[in-house]
Structure formats: structure tokens, C-alpha cells
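Encoded as C-alpha cells, the structure appears first; notes follow it.
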Amino acid sequence: MKHQKWFVLASVVLVASVLLGACGPAPTPTAAPTQAPATQAPAATQAPAAAPTAAATTAASNPDTIIIGTTDKVASLDSADAYAIRDWEVLYNISEGLIRWVPGTTNLEPGLATDLGTISPDGLTYTFTLKDGIKFGDGTPLTATVYAAQLNRLLTIGPKCPNDVADSLAVPYVQSITAPDDKTIVFKLKSKIAFFPQILAGAPYVASDPNIFKADACNLFPTAPIYGVGPWYVSQYNPDEQMVFEPNPYYTGDMKPQVKQVIVRFFSDPNTMALAVQSGEIDVAWRLLSPDQLTQLKNVSSLKIGTINGGRIQFLVLNHTMKPFDDPNVDKAIASAIDRNAIADTVYGGQVSPLYSQVPPGFLGASQSFDTMYSAPNLDQAKKYLEASGYSATNPLKIEMWYPPEHYGASTAAWMQVIKTQLEATGEIQVTLQAQEWSTYVPALTGGKAYGAGVLGWFFDYPDPSNYLDPFVYNRGEGTNVTIPATGSDTGTPINDKAKQLVALLQQADTETDQTKRAELYKQAQDIYADLVVTVPIFFSAEHVVYQNYISGMSSIASPDTLNIGPNILFNYSVLSKKSQ
Amino acid sequence: MAKTKERPSEALPEGATWEVELKRIGFVRRILTARHWYGADWWFVTISTVAVVVFIIIALFPGLFAPYSPDALVGPSFLAPGASVDLPVLIVPQSSTVNKLQDLAVPESADRPTVAVEQGLPTAGALNEESQKIDEVIKNQPGGLRLRPIIDRYASLEETLQAVVDGKDKAAVVQTTEFNKVKAQFPTLREAAPVSGTAATAGGFLMGTNDIGQDVFSRLLWGTRIALIIGFSSSIISLLLGVPLGLLAGFAGGTFDRLLSLLMDSLYAFPGLILAIAITAVLGPSMFNIIVAISVLYIPTYYRIVRGQTLSVKEEVYIEAARSIGARQLEILRRYIFPNVIPSVAIIFSVNVADAILTGAGLSFLGLGLPPTLADWGIDVARGQRFIQTAWWMITFPGLAIMLVVLAFTLMGEGLMEIFNPKLRER
Amino acid sequence: MSPIAIIALIIGIPSLLLLAYVFVRGSTGLRRYILTRIVLTLPMIFILATMVFFILRILPGDPVSSALGPKGTPEMIQSIRTQLGLNDPLIVQYGRFLWSMVTLRFGNSLVGGHRPIVDEMSERFPATLELIVPASILALLVGVYGGALAAAKRKRALDFSLRIYSVVIYSLPIFWFGLVLQLFFGVRLRWLPISGRIDAVIGTSLKTITNIYSLDALLTGNWPAFFSVLQHLILPTLTLGLILSGVFVRMTRINVIETMQADYIAAARARGIRERVLIYGHALKNAMIPVITLIGLQVAILLAGAVLTETVFSWPGMGSYLVERISARDYTAVQSVITVFAMLVALISLAVDVIYSLVDPRVRY
């Protein structure tokens, strides 16, 4: 017994000491073999004894590799399924569509097609001709037949895919896709859609590899290498850690990669990513740095910050069939009492801008309807509306406002707190703030039955005003309940005459191809939208890309300051180059 | 089996000789005398008791000590401890006729003036607030003038001023001292009147202000209440459930004891925070739910200790004696066994409160415990994490507060343990 | 072979050999004790797993609508729910869950790409292991040495300071401590990386076998990768290890002091053996026995601490995985993680109890 005891104890000690030898005495940073001469931090050359770690310098010292940090997660790499900005960014880099956005803008240019396509006089048929010599990263050539088959896969496979992008961006518009010969692709639409080319430029329509994305199943995470016909291919992918891009050897287009490798590194929170870009661990921080981190990074001299005037908006949803928001006076009182400037400046340090229409500035026909109508903050007017419905200081309006604590960034709670203070400043409103986790929150708010008022954010799927207005008016309107779904109707039954007018205007605008007339229709629609207070737009924010000063975009194309990321916030890695140190 | 898992530290006091000694003297002298016997531990207990009392007083009446309400927006965002705002001043081109903010007012129908500010400074708030104040007055006066400037936000002071030079903006509002530094570069600009407003004149916050201009010190004091409510309520609930269960299981034994012990051991062995995360995720964020989640975790702590002690006391000769003279079961439990477990329950309670506060803070930090607008330390640390480089005070003070409260309770438990544990006394 | 399987083999084979040895050489009582202990471990895991399953099913949130966001239509949500089996009766789901636990397959994730949980855990679990093993070793080293030192200098300034240290470090919120270290060493001094497991560029050259990066680097002889991993390990290990060390200091101190009052020590003292030798030679050795038990108990604190540490340092381990998936309402992932944690706790405490029963003759079988 005695013997046994010591045997065991000894073996425990042995195991412990072996582990200890392996992991215990971690070497000091100086012991690390910094394989390349430390060049980034000046401190490194002055005091080699306290040299920064390899980690702090590799990002700078490796001239052929660019590391991009992100807090987005990859959700799907199948173009027939993917419906998130990060996924689309990967798809745009590894592949291309018939037409594409000119980098840095929302203008269109031919991609795989020879031109922007021929449109039939009734606006229902689009015909494209493929360029010559297009090949996938593994050498397989792309023919119109293959392409059309993959696009038809998009139309049919949707319900089998979790994100089912086709349900929103293909099936409602496209009747059929055919390839009459090896060079021609023909789209037939269900109805005339003014903004179809913008949809067609989207990621669901890029050419996907038939060897990887087979006709019968969704393939969200194919094993690397993942090829497309674009400038890059995915050579390695460790979910939650990094995705490695290398140049596609068969790429013949004009967006040729300038470095040998791009690594996208995944961060779980923006704060760590901000620290990483500051310490030089990563070259570029792209999505999503919150305004808080930007304020901190603004003063770091080795960094550049590019601001992309984006279309990310935040607004309050009011449920027009629930008390007390079914009373137009209540809705208008809320719209009158909110001070958007105060929110932009106190909570976001001026990094976001006040928003006075659901369509953010820069889009076709964007107006300032909420400002002209309510000139908020106007407490006197708010009180007048409230008093017209019988509310007073002794009989205040009591409302509950819901918000998700994390989903739109931790600052949501802060600005809800500010809105509560503002509404209560009328003396006739009492606000109760309620936080609810995103997963519970979304169905409760957009289902249109549980919450009277809540916060929602939006970003366009295709750069067009219709994508900012239609979703909040048609079919229950994401919980606004301005229209109530009726069977067989795409728009639902409007709750009153004004809503009817709004629906009619929006439908007219969807098919109008004359841009000036369209803009006029949207202007009118926004005025009615503001009068109905369908939603209360609060602010819109720009996207920011933060990068080291030795990284640059392409100066020959639009917006090099933002690494050629345009309003559609798609990042083409081919524009990147790194100054040798 | 149970024996092997017992915490050695929580062994019970055996002899009670020191108690007998203590009973002979008065309360005050008892405390003073004890100092000689226990040295450092006496000081541990005394200091931590005083600290605990102070925290309880603050938690009971935070309003008396806190200068502001925890939710009120009392100043500009990110004001450092003790600092005050650099007075904002209106900057206009030399040629401009504007001398003060009110001069920017225009008739209702005219284009609204644009004013430049630098992002992230209190100047924007001052401009907004002051314009609204002026507008309120002039809109009812004859002439129909309104002052509703459009605020243009720029990334740096230079860009802000350049916008005025280029004529993009009518005027700018910038900080006086900062303007003086770059004055020479902008000869075509001049200073007009200062722009006041509470956002511009507030200052001297003891621990600074947070991201939306709430007073960190006030939130800290009000946070004491929440921390202590969570700590005490959950510990009391687990004590009220754990102690009787432990007594019963230890006393009754048999299948009941085995099943209960199995359940408790499973709960005890499992990482508390992880279970609490799951429970709070189910129940949703609220104070009550976080208390429920935490109290579930600590029931086994009481149960195990009390059961263990009951088991060993049960075998004592005097219990046998009581039983032999026909004392009822309940009587034995109440008169002989229960008093024996009180000292160790007191120690666990103290440490337990500390643990509960830490767990609560951990949950809030992960964003799982409490409504995110509440003045709670864990929430405030999580909030400060986002501003760790610009506003060190937002994270430092709430973090220290958690540490101090937890320290006070742990130290009290630690000192008591040392005092109560007769094995540790010098022979 | 999957990394999880390799790790299971690395740990499993020696433990099984050890257990077999003990079993063959041990007394009848010991054998019965070990058997009972093993039999008791299973219901413990079962209880926890069941509890977690039902707790998660009362959750009001829904993984499908959470993933789809405001753009999902009710029809889409229903069809995906049916596809994922979320519309089946609870008892069917429970049965499926138990079966997947028995077969250690865990099923597929409910969000994102619906990847098999086993695959996701193959990436996450080794990361956690890589963090908690050095952290425990650090805690043990600091704890045992500090505790013995404090006991040796009982009631002197050093003892006092070490006790203060143990209480203060125990009172620190671990997430706050991590943040402070991060700010100081990572951001201000720029000595150490503040997030991740390995440098991104070096990481591409590392061939993963077990997904324990330090081990993989050693196995493949990739020295730059090895040092990069070590650098990334320092701050998280310090955070977790130092916080844990507080309890060890306290326990070792108390145990050494208790042992020092034992009769055999008094006897040895009477024989004129020096105090130093007494403490480090005799008392510490015996005091270590209860400390072994403590290691078992600290597993809970260790794992809970790992959750917070991983969150602060963006460490892609099981803890951050859990937190991530809780908010996405990914039931399958959450219940699998918690079950794996339960298994881990149960196995370690089993191992500790077996070792304890071997080294401490006082234990009644």
C-alpha cells in the first residue's frame, strides 16, 4: 500500500513536470525569434532589449501579406444562400457577376458580360453576352450553359437553404434564366422592375463553381480551396479564426491582386479589434468598429480612418394597430419631441448624423420630411398633440419602448436612455425602457403583435430608395402595421386612406424607369410616410475602415481614402497594396 | 465518499473553550481582549466589519451621499475626474457681422445657418442646447426669426475651422484654449461670444462622467445598493434552503440523503457562472432573476457543510445521551445539532455574499444579468471596456468598487475562519 | 482523425493504464470504491445534461428567427424549424439529445452553417485546454509555494502580505483584472499581443493536428509558431492563473499550519530537525494531500474563470463559444458545451478522488 501511494504521487509529479516543461516557463518577449527585422515600431530599433513581440510587428514587416480584422462572422459561402455583408464580401472577391458595381461607387459596369445588357422594350427581358476565356480558379472554363444552370439553382434551391436569399432577391423578380447558346444568358422577369440591374449586380448572381455547389444541396461551408471566377480564391478557412485568400491564377479581369496573400482574421468583439489595429497586429480593421472605438483611434498617428457615407440607419418602429400608437397624435408627439442632434453628439460623439427621413441622404429622392413637418425638438408642439388626445401632466401618456441590448451595439441602451429623457421632458409622457435579447426581440417586434414601440436598424440589400420604404409599408411593414396582410396580396390592406395613398405611390415608383419622375414619387411618398409616422428615423451612420498608413487603395478609381470601399460597403481586396518598410 | 470531497478549510470548531472565556467579560472588553489573542485576524475582522457597515449604509441611503441621480445626464460625456469643460466659443470669419449665437437667427422661410463643430467634444452639445434656448425665446417675438442651426461635424479642429474659412459653414463652435493654439493658422477667423449652456459649464465631477454624461460617482454609490441586494438576497435564499436540507439529509440519512446528495454534488461540482449564464438566459434580464439564478448555485455550499457537520455531530456521545433519555428527533436537531453548525454557516455566508457579488458582476459584464441601463458595477465595467483607452475612470472605479466590497466580505469570512478554527490556534 | 479524438487518446490511454494498474494492484476495498465512484459519475452527468436540456427549452427566444433577423418571414421560419426538428414533440427531441450524448455526436448547430457540433468543438475545446492547463500549473506553483512560505513565516509580515494577496486576488473581478493587464502590457507597453491564439501570418504556416497549437508547433518543429503561441498565452494565463492562485495560497497555508501541529512534527522538532526542513520536507508533503482534493474542486472556478477570460481576450475556446451561442439561442451547441463541461468536471473529480484515495490511507472506502 505504502509503495503504491508513492508510485502514484511520483507519476503525478512526473506528468505535472512534463507539462510544466512544455508550457510553464513562458519565455519573455525578448527570447522570441523575431524572424524579420522589427521595423514598424521605432522603439524596436532603439531598444532591442525591449523589442515588441513578433506579433506586434509581423503585420507591418511582411510585405506580401495583408491582414484584415473583422468582427463579422461568415454565415454561408453558397451564393444561393448567403445573405450577410461579410459573406457577400467573400463572394465578390472570389467571384464575379454579369454586371458589377464600379469599385467605390454604386454605378454599374460590365463584369463577366461584355456590356450592361440589352433590355427589351417592355422591360421584361434582359440579354447578356459572356466575355471570352473566363475560368474558375481550378481551370474549369465558365460557359453560359453552366452559368445559367447555377443561376437556376439559385431560383430553386432557396427553401433548402437556411438564409434563403433567393426568397428576397431572386424569386419575386425573376421568371426564368436561360442560355440559348454558349455565350448568351437571358433573364425573363415577372414584372417590370426599375431597379433590376442593381439587384443583378448583387452577390446571389455571381458565378458559382458547379463542382462545389451542386444542384441538389446547399453547401454553406465548402472545404477550402474554394474557387470562383474572381481575382482571389479561398485557400484556407478556420472558422472563428481566419480565412486566407490567394490570387486566382486563371483570373483575366482588370482587378488583379497586388499582394500574395490576404488574411481575414475574425474577432469576437470590436474592442479587441480596435486594440489590435492600434498595436499593429492587423493592417486593416474593417467592420465593425463602433463610434466609441473610432474616437479612440482618431488620435493614433500611424492609423488612417476612411469614412464611407453608408446607408446604415436606426429608427423607432411604432405599431399602428396597438394602443396607444394607433392614435396619430401620439405618434406625432413622439416625432416632435425627439432631439436627434443630442443623440448624435452625446451618445456617439458626432460620429453619426441625425436622420430626418427613412431614406438616408445620398439616395435617389431622399428628403428631410420629418424635419420640415415636425422641426423637432419642439416640446410645445408635442404637448399640443398630446393635449389634443386628452393627455396632460396629471394624466400622462405611458409607453413601453423595447430595444435589443447588444445587437446594434452596446450604445443602444445609452441612446434609448437619452430618448426617454427627451420624451419625459414634455412632462406628459412616461417611458419604461425594456431590454430583450435579439432572438426574442425580433419576432416580438416584427411579428407586429407584442411590442408597441421598439428600435430597428436597416441596411440596404440593393442601393435603391425602394429598399428603405417598401419593407416598412408592405405586408405588416416589419411591425409598423401600416398595412395588414391579406391573402394573395403583396402589399396587404392599408389601415387608412393615407396609407393607401402611400402604397399606391410606392408601387408606382417600383416600375417607373424615368429617374426624375421616380425621385418625385419618392419625395411625395416620404412626406406621407412622415405624416403617418410609419417609423421615426433617428440617425444614420457612416461605415469606417481603419488602416495602417503603409496600406493604400487604388488611386486610379473612386474613393482611395476608404480603400475604394463605396457606399455599398463592398471591399475588393485587389485594390490593396502595402508600402515596403 | 462524501468525506473525500470535504473542504478541509471548513472543518468545524471542536472545543469551545475560548467561548467560555469570552462569556465572562463584557462586550467591549471582549472585543479589545480578542485583539491580543488573534493579532492580524482581529484587525482583518474589525476593518472589514467597519467596511461592510459603511457599504450597507451607502446601500441603504445612496441618495444622501450621491450628488446626482444615477440616470440623470448631468454634463458632457467623458469628462475626466475633477476636470471642467474648456469654454466653447463661437468662431466666425473676420468679415462676418455675427457677434453672438443669436445673430445667426434667420426668418422661418430662409435657409438655416450651418455651424461646424468637432466630433466628440462637448461643444456640439453646448451649441445645440443654447440654440434651442434662444429659439424658444425669439420664436414668439415679432420678426419671426428662428435659430435652428444645422450642425456639421468634422473629424479635427483644423477641418472644422477650414470649413468656416471655405464658407461651407457660417460659423464654428470650438474650445477656447484649443482655438488659441491654432489661431495663427487661421488669420481670417475671429472669436465671437462664448457659448454657454449646462453642457459647457458643468465640471468638477469626482470620478468624471461616462459616455452619455452621467456622473460616475453617483452611479457608483447607487451601484452599491444593487450589488448588496444581489449578494444578500441570493445568499439568504440559499442559506434558507441549504441549511434545512443539509440538516435533514444528514440527520435522516438513507435514500433521501443519497439522492439529494447526488443532486447537490452535481450542482456543486459544476461551474457556477456557466449554470448562472444558462439560467439568466432563460429567465431574461431582471434583478429578481439574477438573484434566483445565483441562489440556486450556492444552495449546495450550505447543504454540504451542514450535512457533513450534522453527520459528525450525530455520532457525538451527548447526542447519544439525549436520544437515550428519550429526546424527540426534532428536539435533537434543534437543540443539539443546529447550534453546532451556526459558526461555519456564518463564515460561509460572509464568503458567499462576496461570491454572489462577483458572480453577479460577471453576469452583468457578459450582458446577461440586468437591464443595461441600470447603475450596476458589472454593467458599468462592461460599458467602460469600450472606452478603456480614452476614459480610464469609467472602468477603474466600478472595478475597484467590486473589489473592495468583495474584499470586505471575504476578509471578514477569512478572519472569522481563522478565529473559529481551533486547529489553527497556537498550542 | 479529428483533433478531439487525438486529445482523448493522449489523455485517455495513460489514465486508463494508470487506472488498470491501480485496479489490479489495489485492495478489494479500493476496487469497490473506484467502481462506486465511476458508477456515481454517470448519473451526475445525466442530471446536469437533462437539467440543461429542459432549461434551454423554456427559453423564450428562437434560434431561427434570431439568425434570420427582421428579414425572415413567418413561413421561412416555420419551414426551417421543421427542417431542424425544432417542431417535434419535446420528448422526441429529448430522446434524440440523449442519444447524441451517448454516441458523443452532439448533432448539428442550429445557427450559421449548421455545422456538426463535434467539428466546432474540435476547434474550441483544444483552445480551452491550452489555456486552462498552464493556468492551473501557474496557480499551483504560486499557490503552493506562497502558501508554504506564509505558513513558514506564520504571523510575520510575509505571512500577512501573502494572506492579503490571497484575499485581494480572490476579490478581483477576473474580467477586470484581464482588462487591466491587457491595457498595461498590450496597449501601453506593447509587449504582448492582446487577443487570439497565434499570430495571423505565422498561423498560416502551422499544420494543425490536435488543435492545441503549442503541441502542434512542437510536433511539427515549427519554432516561430511555438513562440508566437507562448506569447499569446502569457496574458490570459496570468489572468486566470493568478486569480486562481489566491485560493491555493490560502489552502496550502492552512493545511501546512495544521500539519505542523501534528504530533509527528512535534516529535521531529524535538529531535532537533530544523524548522525549514520540517516545513518544506515534512509538513508540505502531507499538506499537499488535501490540496489535491482542492484541485478537483477548483475545476469549477477554473472553467467559470475561463469563460470570462476567453471573452476578454477573444480566445476562441469553449467559454466564448458558450456565450456566443447562448445569445444566438443555439440549443444544440449550448447543451453540448454544458454537457462537455459536466463530463470534464466529473472526470477530473473522479481522477482526483481516485488519486486521493490512493495517497491518503485515512479515506474510508
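Remark: residue B:78 matches the filter, which requires a residue to be open to solvent by 30 Å² or more (accessible area, probe 1.4 Å), aromatic (Phe, Trp, Tyr) and under 27 Å from residue A:343 (Cα atoms).
Might you check whether a residue that is away from chain C (no Cβ under 14 Å), touching a residue at least 24 places away in the same chain (Cβ under 8 Å) and assigned to a helix (DSSP H, G or I) occurs anywhere in region A:420-433? The answer is yes, given that some residue of region A:420-433 is away from chain C (no Cβ under 14 Å), touching a residue at least 24 places away in the same chain (Cβ under 8 Å) and assigned to a helix (DSSP H, G or I). Pairs are defined by a Cβ separation below 7 Å, a sequence spacing of at least 6 or placement on different chains, a first member in region B:127-147 that is away from chain A (no Cβ under 12 Å) and over 13 Å from residue B:104 (Cα atoms), and a second member that is open to solvent by 50 Å² or more (accessible area, probe 1.4 Å) and at pLDDT below 85; the pairs so defined are B:144/B:108. Only a single criterion out of (1) out of contact with any Ser or Thr (no Cβ under 9 Å at 6 or more places or on another chain); (2) crowded, with 19+ Cβ neighbours inside 10 Å is not satisfied by residue C:155, namely (2). Residue C:327 passes every criterion in (1) over 17 Å from the mean Cα position of the chain (by Cα); (2) open to solvent by less than 20 Å² (accessible area, probe 1.4 Å); (3) closer than 29 Å to residue B:385 by Cβ apart from (2). Of the set (1) among the acidic types (Asp, Glu); (2) surrounded by 18 or more Cβ atoms within 10 Å (Cβ to Cβ); (3) assigned to a loop (DSSP other than H, G, I, E, B); (4) out of contact with any strand residue (DSSP E or B) (no Cβ under 7 Å at 6 or more places or on another chain), all apply to residue A:240 but (4).
Yes/no matrix, rows are residues, columns are (1) within 12 Å of the chain's Cα centre (by Cα); (2) assigned to a helix (DSSP H, G or I); (3) within 12 Å of chain B (Cβ to nearest Cβ):
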site: C:284; (1), (2), (3): no, yes, no
site: C:293; (1), (2), (3): no, yes, yes
site: C:303; (1), (2), (3): yes, yes, yes
site: C:311; (1), (2), (3): no, yes, yes
site: C:323; (1), (2), (3): no, yes, yes
site: C:346; (1), (2), (3): yes, yes, yes
site: C:353; (1), (2), (3): no, yes, yes
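Within the option set B:179, B:256, being touching a Phe, Trp or Tyr at 6+ places or on another chain (Cβ under 9 Å) and among the hydrophobic types (A, V, I, L, M, F, W, C) holds for one residue only, B:179.
Which of the following residues is out of contact with any Pro (no Cβ under 6 Å at 6 or more places or on another chain) and surrounded by fewer than 24 Cβ atoms within 10 Å (Cβ to Cβ): C:345, C:249, C:340? Don't jump to the end; show me each part of the working.
On the way: C:345 fails: surrounded by fewer than 24 Cβ atoms within 10 Å (Cβ to Cβ); C:249 fails: surrounded by fewer than 24 Cβ atoms within 10 Å (Cβ to Cβ).
None of the others qualify; the one that does is C:340.
State whether the residues of region C:169-187 include one that is hydroxyl-bearing (Ser, Thr, Tyr), more than 8 Å from chain B (Cβ to nearest Cβ) and in a helix (DSSP H, G or I). Checked against the condition, which is being hydroxyl-bearing (Ser, Thr, Tyr), more than 8 Å from chain B (Cβ to nearest Cβ) and in a helix (DSSP H, G or I), region C:169-187 yields no hits at all.
Tell me, yes or no, whether region A:441-456 has at least one residue that is of a type in the set (Val, Ile, Thr), within 14 Å of chain C (Cβ to nearest Cβ) and open to solvent by 20 Å² or more (accessible area, probe 1.4 Å).
Filtering region A:441-456 down to residues of a type in the set (Val, Ile, Thr) leaves A:442, A:446, A:455.
Going one step further and asking which of them are within 14 Å of chain C (Cβ to nearest Cβ), we end up with A:442, A:446, A:455.
Filter once more, keeping what is open to solvent by 20 Å² or more (accessible area, probe 1.4 Å): A:446.
Checked region A:441-456: at least one residue is of a type in the set (Val, Ile, Thr), within 14 Å of chain C (Cβ to nearest Cβ) and open to solvent by 20 Å² or more (accessible area, probe 1.4 Å).
Okay, residues lined up against (1) closer than 30 Å to residue A:258 by Cβ; (2) part of a loop (DSSP other than H, G, I, E, B):
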{"position": "A:97", "(1), (2)": "yes, yes"}
{"position": "A:104", "(1), (2)": "yes, yes"}
{"position": "A:137", "(1), (2)": "yes, yes"}
{"position": "A:146", "(1), (2)": "yes, no"}
{"position": "A:151", "(1), (2)": "no, no"}
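Does region A:479-499 include one or more residues that are within 23 Å of residue A:313 (Cα to Cα), in contact with an Asp or Glu (Cβ under 8 Å, 6 or more places away or on another chain) and touching a residue at least 24 places away in the same chain (Cβ under 8 Å)? No, there is no match, as no residue in region A:479-499 is within 23 Å of residue A:313 (Cα to Cα), in contact with an Asp or Glu (Cβ under 8 Å, 6 or more places away or on another chain) and touching a residue at least 24 places away in the same chain (Cβ under 8 Å). Just one of the listed residues (B:336, B:318, B:298) is touching an Asp or Glu at 6+ places or on another chain (Cβ under 9 Å) and without any contact (Cβ under 8 Å) to a residue 24 or more places away in the chain, namely B:336.
Kindly provide the set of residues from region A:106-135 that are assigned to a loop (DSSP other than H, G, I, E, B) and within 30 Å of residue A:561 (Cβ to Cβ), ordered by number. Give the steps one after another, and end with the answer.
Within region A:106-135, the subset assigned to a loop (DSSP other than H, G, I, E, B) is A:106-107, A:111-112, A:114-117, A:120-124, A:131-134.
Matches in region A:106-135: A:106, A:107, A:111, A:112, A:116.
Inside region C:80-114, residues that are open to solvent by less than 40 Å² (accessible area, probe 1.4 Å) and within 11 Å of chain A (Cβ to nearest Cβ) make up a count of 6.
Scanning region B:301-355 for residues that are more than 25 Å from residue B:407 (Cα to Cα), touching a Leu at 6+ places or on another chain (Cβ under 9 Å) and among the polar types (S, T, N, Q) yields B:309, B:310, B:312, B:340. With respect to (1) free of Cβ contacts under 8 Å to residues at least 24 places away in the same chain; (2) within 14 Å of chain B (Cβ to nearest Cβ); (3) under 26 Å from residue C:286 (Cβ atoms); (4) not aromatic (Phe, Trp, Tyr), the lone exception for residue C:247 is condition (1). Note on region A:261-293: residues that are modelled with pLDDT under 85, assigned to a helix (DSSP H, G or I) and more than 8 Å from chain C (Cβ to nearest Cβ) amount to 5. From the list A:332, A:256, the one residue that fits, being farther than 30 Å from residue A:64 by Cβ, charged (D, E, K, R) and more than 13 Å from chain B (Cβ to nearest Cβ), is A:332.
Return yes or no: is residue B:107 in contact with a Leu (Cβ under 9 Å, 6 or more places away or on another chain), open to solvent by less than 50 Å² (accessible area, probe 1.4 Å) and of a type outside the set (Ser, Thr, Tyr)? The answer is no for residue B:107. Of all the criteria given as (1) within 9 Å of another protein chain (Cβ to nearest Cβ); (2) in a loop (DSSP other than H, G, I, E, B), the one not satisfied by residue B:354 is (2). Taking region A:437-489 as the region of interest, how many residues are at pLDDT 80 or above and more than 23 Å from the chain's Cα centre (by Cα)? Total meeting the criteria: 7.
Report, by residue number, each residue of region B:245-294 that is of a type in the set (Ser, Thr, Tyr) and either part of a helix (DSSP H, G or I) or farther than 30 Å from residue B:377 by Cβ (or both).
Within region B:245-294, the first condition is being of a type in the set (Ser, Thr, Tyr), and the residues that meet it are B:255, B:261, B:266, B:268, B:280, B:286.
Those that are of a type in the set (Ser, Thr, Tyr) and either part of a helix (DSSP H, G or I) or farther than 30 Å from residue B:377 by Cβ (or both): B:255, B:261, B:266, B:268, B:280.
I need a count of the residues in region C:193-220 that are modelled with pLDDT of 85 or more and either open to solvent by less than 30 Å² (accessible area, probe 1.4 Å) or not hydroxyl-bearing (Ser, Thr, Tyr) (or both). Qualifying residue count, region C:193-220: 8. Residues of region B:399-420 include at least one that is within 30 Å of residue B:313 (Cα to Cα), within 9 Å of chain C (Cβ to nearest Cβ), over 26 Å from the mean Cα position of the chain (by Cα) and touching a residue at least 24 places away in the same chain (Cβ under 8 Å). For residue A:405, the criteria (1) open to solvent by less than 20 Å² (accessible area, probe 1.4 Å); (2) touching a strand residue (DSSP E or B) at 6+ places or on another chain (Cβ under 6 Å); (3) assigned to a loop (DSSP other than H, G, I, E, B); (4) more than 10 Å from chain B (Cβ to nearest Cβ) hold in every case but one, which is (4). Sub-6 Å Cβ pairs linking a first residue in region B:99-111 that is under 17 Å from residue B:128 (Cα atoms) to a second residue that is charged (D, E, K, R) and open to solvent by less than 40 Å² (accessible area, probe 1.4 Å), at least 6 apart or interchain, are B:101/B:130, ordered by first then second residue.
The values are calculated or read from the model by the stated rules, or taken from the named source; none is laboratory data. Given the structure is predicted, the values throughout are model-derived calculations rather than measurements. When we count neighbours, we look across all protein chains shown, and the Cβ atoms used for this are built from the backbone with ideal geometry, even at glycine. Surface accessibility is based on the protein's heavy atoms, side chains included, excluding ligands, DNA and RNA. Shrake-Rupley method; radii C 1.70, N 1.55, O 1.52, S 1.80 Å.
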